[in-house]
Amino acid sequence: MGVPNLVPGSGALDRLVDTARDYARQATAKNTSLAYKKDWAHFNSWCRRRGANPLPPSAELIGLYIANCASPDDGSPSQSASRPLSVSTIERRLSGMAWQYQQRGFVLDRKNRHIATVLAGIRRKHARPPVQKEAVLTEDILAMVATLDFNLRGLRDRAILLIGYAGGLRRSEIVSLDHGKDDTPDSDGWMDISDDGALLTFNAKTGWREVEIGRGSCDQSCPVHALEQWLHFAKIDFGPLFVRTSRDGTKALEARLSDKHVARLIKQTVLDAGIRSDLPEKERLALFSGHSLRAGLASSAEVDERYVQKHLGQALLHGG
């Protein structure tokens with residue numbers, strides 16, 4: 001009688017363990033995993049400076065930790081670390097710690113009174129009402145791209161704004177794209193260009209998602225034309241779709257662009273285009289963010305967002 005392949009010590013289970021770990025890593029988005037890792041490192045550093053042990057989880061200790069995050073004392077290692085954290089950041093840190101404890105075989109009870117009561121007090125004292133972000137409209141996006149130069153950096157930023165608006169994309173989605181399928185391990189999707197337009201494929205949290213972007217009748221406002229111009233002059237035929245440029249904006253580098261650049265780009269072009277110039281600059285900057293492109297798509301047509309994404313908002317494609 002033969003020995004089954006799947007028995008302890010045969011090596012097959014060891015391979016399955018590695019496979020299971022790979023799937024487990026995929027269960028949490030890369031940005032979330034990175035944030036959780038930083039949160040855990042911060043908590044461990046905080047514990048070391050106070051002679052406390054982070055394991056096993058202590059609700060009393062964590063209650064003190066989040067209180068210190070909201071109202072730092074002199075035990076912080078640097079000036080920047082001594083700034084009070086926002087309520088949303090503290091809540092995310094708790095989520096990260098709960099996840100880290102779970103990976104180590106422990107359970108963090110966030111409803112424990114030592115944690116829940118302190119967190120409720122932090123919310124009551126420090127929480128601020130959310131600022132509703134302003135949607136970028138079609139006429140706004142055209143005015144924004146008109147402020148950009150025609151050097152390599154300007155071509156890239158023009159493609160980012162037009163593709164982001166036409167596809168209703170999140171800033172993280174924009175910078176996660178590759179030129180072709182399976183080019184780099186840190187991408188969350190890829191782009192294919194055809195005669196009809198561009199097809200963007202994303203590996204989203206809820207599964208695969210496709211976004212079609214058609215060609216417009218006017219090159220000035222056509223997102224696909226802007227993308228082709230960037231790819232041609234940047235000489236990109238594989239790897240990250242949007243990369244950093246040299247300081248003078250004339251040479252494409254290899255490093256993938258950060259999603260923070262998209263947020264800064266939106267804010268700067270909003271100011272340069274004079275959008276909402278009736279407001280003080282500080283208020284204008286607070287109104288617009290990386291979410292404004294996605295919000296603008298939904299508000300530019302009175303139809304379901306899925307159909308807006310597919311049929312693209314013809315005002316943009318035929319504008320200019």
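The values are calculated or read from the model by the stated rules, or taken from the named source; none is laboratory data. Predicted model, so just to flag it, every value in this text is computed and none were measured. Here the Cβ positions follow ideal geometry from the backbone for every residue, glycine too, while neighbour counts run over all protein chains shown. Side chains included, ligands, DNA and RNA excluded: accessible areas come from the protein's heavy atoms. Shrake-Rupley method; radii C 1.70, N 1.55, O 1.52, S 1.80 Å.
Could you tell me whether the stretch 216-238 includes any residue that is touching a strand residue (DSSP E or B) at 6+ places or on another chain (Cβ under 6 Å) and not in a helix (DSSP H, G or I)?
Looking through the stretch 216-238, none of the residues is touching a strand residue (DSSP E or B) at 6+ places or on another chain (Cβ under 6 Å) and not in a helix (DSSP H, G or I).
Among residues belonging to the stretch 131-169 that are among the hydroxyl-bearing types (Ser, Thr, Tyr) and at pLDDT below 90, point out the one that is surrounded by the fewest Cβ atoms within 10 Å (Cβ to Cβ).
THR138
Inspect the stretch 170-185 for any residue being assigned to a helix (DSSP H, G or I) and open to solvent by 30 Å² or more (accessible area, probe 1.4 Å) and give the result as yes or no.
Yes, the stretch 170-185 has at least one match.
Yes or no: GLY197 open to solvent by less than 60 Å² (accessible area, probe 1.4 Å) and under 23 Å from LYS260 (Cβ atoms)?
Taking the combined requirement at face value, the residue does not satisfy it.
What number of residues in the stretch 205-226 are closer than 15 Å to ASP192 by Cα, surrounded by 21 or more Cβ atoms within 10 Å (Cβ to Cβ) and touching a Leu at 6+ places or on another chain (Cβ under 8 Å)?
Residues flagged as closer than 15 Å to ASP192 by Cα, surrounded by 21 or more Cβ atoms within 10 Å (Cβ to Cβ) and touching a Leu at 6+ places or on another chain (Cβ under 8 Å) within the stretch 205-226 amount to 4.
Given the conditions (1) surrounded by fewer than 19 Cβ atoms within 10 Å (Cβ to Cβ); (2) hydrophobic (A, V, I, L, M, F, W, C); (3) closer than 17 Å to ARG171 by Cβ; (4) out of contact with any Gly (no Cβ under 7 Å at 6 or more places or on another chain), and given that LEU253 satisfies all but one, which numbered condition is not satisfied?
(3)
Show the residue pairs that are 6+ apart or on different chains and have beta-carbon atoms under 7 Å apart, the first residue being within the stretch 173-187 and under 14 Å from ILE236 (Cα atoms), the second being open to solvent by 20 Å² or more (accessible area, probe 1.4 Å) and acidic (Asp, Glu).
Qualifying pairs under 7 Å: HIS179/ASP237.
Could you check the stretch 96-124 and list, in sequence order, the residues that are polar (S, T, N, Q) and assigned to a helix (DSSP H, G or I)?
The answer is GLN100, GLN102, GLN103, THR117.
Being more than 15 Å from LEU148 (Cα to Cα) and either over 13 Å from the mean Cα position of the chain (by Cα) or of a type outside the set (Lys, Arg) (or both) is the filter here; which residues of the stretch 257-267 pass it? Break it down stepwise before answering.
Let us first name the residues in the stretch 257-267 that are more than 15 Å from LEU148 (Cα to Cα), namely 257-260, 263.
Across the stretch 257-267, the qualifying residues are LEU257, SER258, ASP259, ALA263.
Which one of these is of a type in the set (S, T, N, Q) and touching a Lys or Arg at 6+ places or on another chain (Cβ under 8 Å): SER246, SER217, SER277?
Numbers: SER246 fails: touching a Lys or Arg at 6+ places or on another chain (Cβ under 8 Å); SER217 fails: touching a Lys or Arg at 6+ places or on another chain (Cβ under 8 Å).
Among SER246, SER217, SER277, only SER277 is of a type in the set (S, T, N, Q) and touching a Lys or Arg at 6+ places or on another chain (Cβ under 8 Å).
Go through ALA35, ALA98, ALA20 for me and flag whichever is at pLDDT below 90, over 21 Å from the mean Cα position of the chain (by Cα), open to solvent by less than 60 Å² (accessible area, probe 1.4 Å) and within 30 Å of ASP186 (Cβ to Cβ).
On the way: ALA35 fails: over 21 Å from the mean Cα position of the chain (by Cα); ALA98 fails: at pLDDT below 90.
Of ALA35, ALA98, ALA20, the one residue that is at pLDDT below 90, over 21 Å from the mean Cα position of the chain (by Cα), open to solvent by less than 60 Å² (accessible area, probe 1.4 Å) and within 30 Å of ASP186 (Cβ to Cβ) is ALA20.
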